[in-house]
Amino acid sequence: MRRQVVIIGSGPAGLLLGQLLGRAGIDTLILERSTREHVLSRIRAGVLERGTVALLEKAGVAERLHREGLVHSGVELAFDGDRLRLDLAALTGGAGVSVYGQTEVTRDLMEAREAAGRPTVFEAGDVEIRDIETACPSVSFTVHGERRTVACDFVAACDGFHGIGRRSVPEGALRTFERVYPFGWLGLLTDAPPVTDELVYANHPRGFALLSMRSPTRSRYYVQVPLETRAEDWSDERFFDELRLRLPAGMASRLRTTPSIEKSVAPLRSFVAEPMRFGSLFLAGDAAHIVPPTGAKGLNLAAGDVHYLSSGLIEHYREGSDAGLDRYSERALGRVWKAERFSWWMTSMLHRFPGTDAFAERMQRAEFDHVASVRSAAANVAENYVGLPF
């Protein structure tokens, strides 16, 4: 079996890459270790930058997004009860973000791939990437008890932080940068209308809180918790009581305790691997970098990687030029580090860190007041939030 590009991972990064390449006439195979149902059950982010929306439009999968997604022209920050709304549209010349669950993005891309008859192998086990230092790599895997090998020109590893892609790079060829934060987010998903029309990020002496949503009838809430927290130890009542304590009074009074349909704890970390290419292997999305969810950059960074990688591959096959592929890592990492900085800044300003002294707390407050009082500072936050251009 031979394909031009083998993509490992059927999350949004792998599916979007396959969709863009497929529309350009490039032959791809996607390998996924999990079942289709499991991939579609993952609860992930839901804030899409303007660039991500444009890329989904280019891929021909934005119809339901435009029909059901929520367009937000603002976002709110709160600090110990004080509130600040950032008018994203006014601060960025009309830009905003779209709230549309990552699960729905995955579903749209998966259905488009299936409709086009492009192959995906689910439950592909024991994946092994070979000969990436040559122009003739291959990928072996087991499915239904049968061992198969696919020869290809390139391998795109979109298989997440724990995937085989990054682990296939020879030892010493990658440099990694990491910061693990001493807390996590306890998240609760509920079928209830959102308390507010826009996202609210709150810093409170008890810890960070976030009001978010997935649709007009589905809400997603988070509270900062210690890393050792177990979701099963938190009843719905306990979660909502804690969330109310961390919100400005007007918002807290509108919050109702409703049954959860999913509850989980997510640790926070920053991680970058450099470079994002080794020979015929390209890393994209969480395989190459992780950001704290505070800046809403994870899915959007993956989309940026796909933009650069798909452009380079299309240029390779259409024009016989490798200029785009040769610059892939440099271009992608330039955007990655800007998003890492923004996510680190948001996380540092909005969370309460163990052992924080009075000086550090005053510095957090000064950051909030600076954004509230200086238009250029507010514009900087808004421009990063809606997404820097590709």
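Each value in this text was obtained by applying a stated rule to the coordinates, not by laboratory testing. It should be emphasised that the depicted structure is a prediction, and the values quoted were computed from it without experimental measurement. Cβ sites come from the backbone with ideal geometry, for glycine too, and all protein chains shown count toward neighbours.
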Rounded to the nearest 0.05, what FRET efficiency do A266 and H38 have when you use their Cβ-Cβ distance and R0 = 22 Å?
0.80
Segment R175-A115, length gained on full extension (0.36 nm per residue, minus Cα span)
17.6 nm
Table column - 3J(HN,Hα) (Hz), segment 207-214, Karplus curve with 6.51, -1.76, 1.60, x for Gly and Pro:
x, 5, 8, 9, 9, 9, 7, 10
Per-residue HN-Hα couplings for segment 119-124, Karplus 6.51 cos²θ - 1.76 cosθ + 1.60 at θ = phi - 60°, whole Hz, x for Gly and Pro?
x, 10, 9, 8, 6, 7
Where labels lie 7 Å past Cα in the beta-carbon direction, separation of D82 and F359 in nm:
2.2
With both bridge residues required to lie in the chain, what share of the DSSP beta bridges run antiparallel, to the nearest 5%?
75
Debye calculation, C-alpha points only, no solvent: report log10 I(q)/I(0) for segment 1-105 at q = 0.10, 0.11 Å⁻¹, in the same order as the q values.
-0.40, -0.47
How far, in nm, would the chain grow between H162 and F390 when pulled straight, counting 0.36 nm per residue and subtracting the alpha carbon separation?
79.4 nm
Could you pull out every residue, at least 5 positions away or on a different chain, whose amide H is within less than 5 Å of the one on A24? Hs are placed 1.01 Å off N in the peptide plane, and Pro or chain starts have none.
none
Using mean Cβ contacts within 10 Å as the protection proxy, how do 55-62, 23-30 order, highest first?
55-62, 23-30
Semi-axes of the equivalent ellipsoid for segment 253-390, Cα gyration tensor, largest first, Å:
35, 19, 15
Estimated vicinal HN-Hα couplings, Hz - segment 91-98 in sequence order (Karplus 6.51, -1.76, 1.60; Gly, Pro = x)
7, 10, x, x, 7, x, 10, 10
Using the Cα centre as the reference, give the magnitude of the dipole from point charges on the C-beta atoms of segment 47-179 (Lys, Arg: +1; Asp, Glu: -1; all else neutral), rounded to the nearest 20 debye.
140
Between segment 1-29 and segment 175-219, what is the separation of their alpha carbon centroids in Å?
32
Can you give the direction-averaged projected area of the convex hull of the alpha-carbon atoms in the chain, in nm²?
19.6
About its Cα centre, how strong a charge dipole does the chain have in debye, to the nearest 20, once Lys and Arg get +1 and Asp and Glu get -1 at the Cβ?
300
Label model pair D233, R147: point-to-point distance (7 angstrom along the Cα→beta-carbon line) in nm is 4.6
At 10 °C and 1.306 mPa s, the Stokes-Einstein diffusion coefficient in µm²/s for segment 144-275, with hydrodynamic radius from the Kirkwood sum on alpha carbon pairs, is 89
Under a straight-distance cross-link criterion of Cα-Cα below 21 Å, which lysines are reachable from K338, leaving out those fewer than 8 residues away in the same chain?
K297
Mind listing which GluC sites (Glu not before Pro) in segment 114-203 are in a DSSP loop and have 11 or fewer other Cβ atoms within 10 Å?
E171
